[in-house]
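A.B. asks: Here's a structure for you.
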Amino acid sequence: MTDRNLEARDLFGDAVGSTLVTALYARARGAALFDVTDWDDPQAREAWSALDTMGRERGRRLEDLVLTDVMNVVGTIRRSQDIDARVREFAVEHGHAEVVTLGVGMCNRAARLDGLCAEWTGVDNPDVVALRSRILPDDATRLVAGSVTGRDWLAETDPDSPTVLVAEGLLMYLTRPLVTQLLTRIGDHFTGPTRLVADVHHAAVARMPNPIAKRTGAGFHFGATSPQGFARLSPGWRLAGVDETMTRIRPAAARASRVFRTVSRSLMYGVVTIEREQERDGEPEREREQ
């Protein structure tokens, strides 16, 4: 990891905060770089241009933090598409939703899903919130400065409203106890219909060396042995859906995902949707078959 990369963290607060650069770069430039014809995000392009300019004005080349390979760039686009679909699905089902993005970074889902009946909240560390306010000043997302692993951000949400929480590019940087604690706190706080949508690696994949650590210093920690295992980390959650994100990156990624599933009988990487069990006539709703 170079000194340049260490210095760049003053924009993002910490190493995990700096991983937003790869995500924004992918959404902004990935379609053109890798001929992704079903993706267009003009707001991300504008945000990347503004952030890149800000970095250069400070003598920093933010592309030094970016993973530009097809797996990371197209993979970021595909996971965003999968999460967009699950957020839209929930909001339409309930007629309205509070969408809370944990580790919001430069996520601009509110613009991509413009017209959805939703209220948007984003939680991130104070440095990222300040940076985002400059890069995306007109975005509809209400920002909350604080740690996603703390309790304070919960007070900024409506516990009774149908709520979908998004953890995109986040959980892998947390430890298993912190992920478990997060699920428990969410479950204790929200009383209305509640969904969590997150991208999740298999535990074996999370233990492998990852190039993002060399670029930013943010290493992977958390992975789940299965989507069902992820849902079972905290009582009261049930598995509601799985999107095998890797199958839509490139044929080679799809083959790797199929081989991994055959050998391990589990998901290598994808978007996992879990929901709180809702009580009906005094009895908890039974988990739907997958």
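The values are calculated or read from the model by the stated rules, or taken from the named source; none is laboratory data. What you are looking at is a predicted structure, and each value in this text was computed from that prediction instead of being measured. Cβ atoms come from the backbone with ideal geometry, glycine included; neighbour counts cover every protein chain shown. Keep in mind that these areas ignore ligands, DNA and RNA; they rest on the heavy atoms of the full protein, side chains included. Shrake-Rupley method; radii C 1.70, N 1.55, O 1.52, S 1.80 Å.
A.B. asks: Evaluate the following for H189: is it open to solvent by 40 Å² or more (accessible area, probe 1.4 Å), at pLDDT 95 or above and not acidic (D, E)? Give the derivation first.
C.D. replies: Details: open to solvent by 40 Å² or more (accessible area, probe 1.4 Å): yes; at pLDDT 95 or above: yes; not acidic (D, E): yes.
Yes: the conditions hold for H189.
A.B. asks: Taking the stated definitions as given, is A31 over 21 Å from N210 (Cβ atoms), of a type outside the set (K, R) and in contact with a Phe, Trp or Tyr (Cβ under 9 Å, 6 or more places away or on another chain)?
C.D. replies: On the way: over 21 Å from N210 (Cβ atoms): yes; of a type outside the set (K, R): yes; in contact with a Phe, Trp or Tyr (Cβ under 9 Å, 6 or more places away or on another chain): yes.
Judged against the criteria, A31 is a match.
A.B. asks: Being in a helix (DSSP H, G or I) and open to solvent by less than 60 Å² (accessible area, probe 1.4 Å) is the filter here; which residues of the range 50-70 pass it?
C.D. replies: Filtering the range 50-70 for residues in a helix (DSSP H, G or I) gives 50-57, 62-65, 70.
Answer for the range 50-70, where residues must be in a helix (DSSP H, G or I) and open to solvent by less than 60 Å² (accessible area, probe 1.4 Å): A50, L51, D52, M54, G55, L62, E63, D64, L65, V70.
A.B. asks: Does the range 217-268 hold any residues that are hydroxyl-bearing (S, T, Y) and in a helix (DSSP H, G or I), and which are they? Let's see the steps before the verdict.
C.D. replies: Going through the range 217-268, the residues hydroxyl-bearing (S, T, Y) turn out to be 225-226, 234, 245, 247, 257, 262, 264, 266.
Passing the criteria: T245, T247, S257, T262, S264.
A.B. asks: Which of the residues that make up the range 136-167 are in contact (Cβ under 8 Å) with a residue 40 or more places away in the chain and either surrounded by fewer than 18 Cβ atoms within 10 Å (Cβ to Cβ) or touching an Asp or Glu at 6+ places or on another chain (Cβ under 6 Å) (or both)?
C.D. replies: D158, S161, T163
A.B. asks: Still on this model: Which of the following residues is within 22 Å of H189 (Cβ to Cβ), in contact (Cβ under 8 Å) with a residue 12 or more places away in the chain, surrounded by fewer than 22 Cβ atoms within 10 Å (Cβ to Cβ) and of a type in the set (A, V, I, L, M): V104, V129, V123, V100?
C.D. replies: Checking each option against the conditions leaves just V129.
A.B. asks: So which of V87, V129 is within 15 Å of the chain's Cα centre (by Cα) and hydrophobic (A, V, I, L, M, F, W, C)? Show your work before the answer.
C.D. replies: Values: V129 fails: within 15 Å of the chain's Cα centre (by Cα).
Matching residue, one of V87, V129: V87.
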